[in-house]
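Have a look at the structure below before the remarks.
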Amino acid sequence: MSRLNYQHLFYFWNVVKEGSISRASEKLHLAQPTVSGQLAIFEQAVGEKLYYKDGRKLVLSDTGRTIFRYAEEIFTLGQELNQTLRGRSGGRGLRLNVGVADALPKLIAYRLLEPALRANEPVQLTCHEDKAERLIAELALHSVDLVLSDIPATPSVGIRVFNHLLGECEVAVFGVEELAERYTENFPYSLNGAPLLVPTQNTALRRSLDQWFDTEGICPDIKAEIEDSALLKTFAIAGVGMFVAPVAIEAELQRQYNAQKIGRIDHVFERFYAITAQRKLKHPAVMAILENASRGLFV
């Protein structure tokens, strides 16, 4: 692919945003065969399949996702340039693209990112959620500025990245009122046979919990293993089981999920990392996140 055809890229971008070739054709005022033909030429130029159909749903390939993110940046900038030339400022400010590991508690992710939103210069924040290893791969493509994760990157990722410890926090068991009344007394031994929702085996918190259960001789009734922290809490508020979360977000858990603290787990911590492609940071919003963490984020 010697030179990028921006017209083909524009058609591809619209098809992905609209979710189908038919809707994109209506928006672009073009016949469907025209758009389909241009996409086929674009795929041939790229040399890889960009998408496939799953029923009526359009699903992007890995290459398709990468190209779409670049297209989003390119054509968003073009729209802002058009607005500026017409005398209307888009109010864009700095862009901050963040990858958030799906195992990271969403309330913690907000707390980590919140300093960037308070920076002196306006920041337009874009968050992408995925598995940590896939997000770290996006750092090499400069698709994201940093990755927030519950685990540090290791040499096995195959690219040079840098880990910045943002903080660590003790954890506790939480649950709806009915479960709190039943299992608070004699905690933690009340967890024997008690219904519990836990993260999947590939998370740092799960490994720490398993070790703690083994040390204390506790055997809970694992009702579900759920990687996504928001989905886990959805099960929890339905009363399926108790769950483990950082004590730093106790107030938010009570307010948003009506979850009560049942007991704190001694010697088990969750750690949170910012992973970047550069050791020396230049992005003001990223620097604000790390500087805030250095002052004791969870103290």
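When the Karplus curve 6.51 cos²θ - 1.76 cosθ + 1.60 is applied with θ = phi - 60°, which whole-Hz ³J(HN,Hα) does each residue of region 6-12 get, with x for Gly and Pro?
With the stated coefficients, region 6-12 comes to 5, 5, 4, 4, 5, 5, 4 Hz.
Given charges of +1 on the Cβ of Lys and Arg and -1 on the Cβ of Asp and Glu, with all other atoms neutral, how large is the dipole of the chain about its Cα centre, in debye to the nearest 20?
Details: 33 positive and 36 negative charges, 289 e Å.
Dipole magnitude for the chain comes out near 1380 debye.
Counting other C-beta atoms within 10 Å, and keeping those with at most 13, which DSSP coil trypsin sites (Lys or Arg not before Pro) do you find in region 133-234?
Numbers: sites: Arg134, Arg160, Arg182, Arg206, Arg207, Lys223, Lys233; in loops: Arg160.
Passing both the DSSP loop test and the Cβ count: Arg160.
Just need the relative contact order of the chain here, percent rounded to a whole number, with Cα pairs under 8 Å and 6+ apart.
Details: 476 pairs, mean separation 62.6, N = 299.
Reported relative contact order: 21 percent.
Which of the listed residues, Gln44, Ser22, Phe75, is farthest toward the dipole's positive end in region 6-85, when Lys, Arg count +1 and Asp, Glu count -1 at the beta-carbon?
Result: Ser22, furthest along the dipole toward the positive end.
Expected output is a single nm value to one decimal: the length gained when fully extending between Leu141 and Lys282, i.e. 0.36 nm times separation in residues minus the C-alpha distance. What is it?
Details: separation 141, 0.36 × 141 = 50.76 nm, distance 1.73 nm.
Full extension from Leu141 to Lys282 adds 49.0 nm.
What list of ³J(HN,Hα) values in whole Hz, one per residue of region 239-256 in order, does the Karplus curve 6.51 cos²θ - 1.76 cosθ + 1.60 (θ = phi - 60°) give from phi, with Gly and Pro shown as x?
The phi angles translate into x, 5, x, 7, 8, 10, 8, x, 5, 5, 10, 4, 4, 5, 5, 5, 6, 8 Hz.
Could you work out which residue, out of Gln32, Gln211, Gln278, moves most in a Gaussian network model of the chain, that is, has the largest mean-square fluctuation with Cα springs under 10 Å?
Looking only at Gln32, Gln211, Gln278, the largest GNM fluctuation is found for Gln32.
Quick one, what does Rg over Rh come out to for region 6-85 if you take C-alpha atoms and the Kirkwood Rh? Write out the running numbers ahead of the final one.
Numbers: Rg = 12.7 Å, Rh = 13.0 Å.
Using only Cα positions, Rg/Rh for region 6-85 is 0.97.
For region 14-147: lysine pairs with Cα atoms under 18 Å, gap of 8 or more or different chains, count? Each step should come with its number before you reach the end.
On the way: Lys17/Lys27; Lys17/Lys49; Lys17/Lys53; Lys17/Lys57; Lys49/Lys57; Lys106/Lys131.
The number of close lysine pairs in region 14-147 is 6.
Between Ala40 and Ala251, how many nm apart are label points set 7 Å from Cα along the C-beta direction?
My value for the distance between the label points is 6.1 nm.
Fewest first, what order do Leu28, Leu81 take by the number of other Cβ atoms within 10 Å? Write down the numbers at each step before the final one.
Numbers: Leu28 15, Leu81 11.
In order of increasing Cβ crowding within 10 Å: Leu81, Leu28.
Fewest first, what order do Phe174, Phe298, Phe272, Phe235 take by the number of other Cβ atoms within 10 Å?
Details: Phe174 24, Phe298 18, Phe272 27, Phe235 15.
In order of increasing Cβ crowding within 10 Å: Phe235, Phe298, Phe174, Phe272.
Could you give the length gained on full extension between Leu81 and Asp62, defined as 0.36 nm per residue of separation minus the Cα-Cα distance, in nm? Before the final figure, lay out the partial values.
Working: separation 19, 0.36 × 19 = 6.84 nm, distance 2.91 nm.
Residue separation times 0.36 nm, minus the Cα-Cα distance, leaves 3.9 nm.
Roughly what angle does helix 32-46 make with the longest principal axis of the chain, taking Cα atoms, 0 to 90 degrees, to the nearest 10?
The answer is roughly 80 degrees.
Return the single residue from His142, His267, His283 with maximal mean-square fluctuation; model: Gaussian network over the chain, springs between Cα atoms under 10 Å.
Among His142, His267, His283, the largest GNM mean-square fluctuation belongs to His267.
What is the distance, in nm, between label points placed 7 Å from the Cα along the Cα-to-Cβ direction at Glu225 and at Asn163?
According to this spin-label approximation, the distance is 2.2 nm.
Using the 10 angstrom Cβ neighbour count as an exposure proxy, how do Cys127, Cys169, Cys219 rank, fewest first? Don't jump to the answer; show the numbers that get you there.
Working: Cys127 15, Cys169 20, Cys219 12.
Ordered by Cβ neighbours within 10 Å, fewest first: Cys219, Cys127, Cys169.
Between Thr126 and Glu177, what is the label-to-label distance in nm when each label sits 7 Å out along the Cα-to-Cβ direction?
Modelled inter-label distance: 4.4 nm.
So how strong a dipole does region 245-299 carry about its Cα centre when Lys and Arg Cβ are +1 and Asp and Glu Cβ are -1, to the nearest 20 debye? Provide the component values of the computation, followed by the final result.
Working: 8 positive and 5 negative charges, 56 e Å.
Charge dipole of region 245-299: 260 debye, to the nearest 20.
Each value in this text was obtained by applying a stated rule to the coordinates, not by laboratory testing. Keep in mind it's a predicted model, so treat the numbers as computed, not measured. Neighbour counts are summed over all protein chains in view; Cβ atoms, including those assigned to glycine, are modelled from backbone coordinates with ideal geometry.
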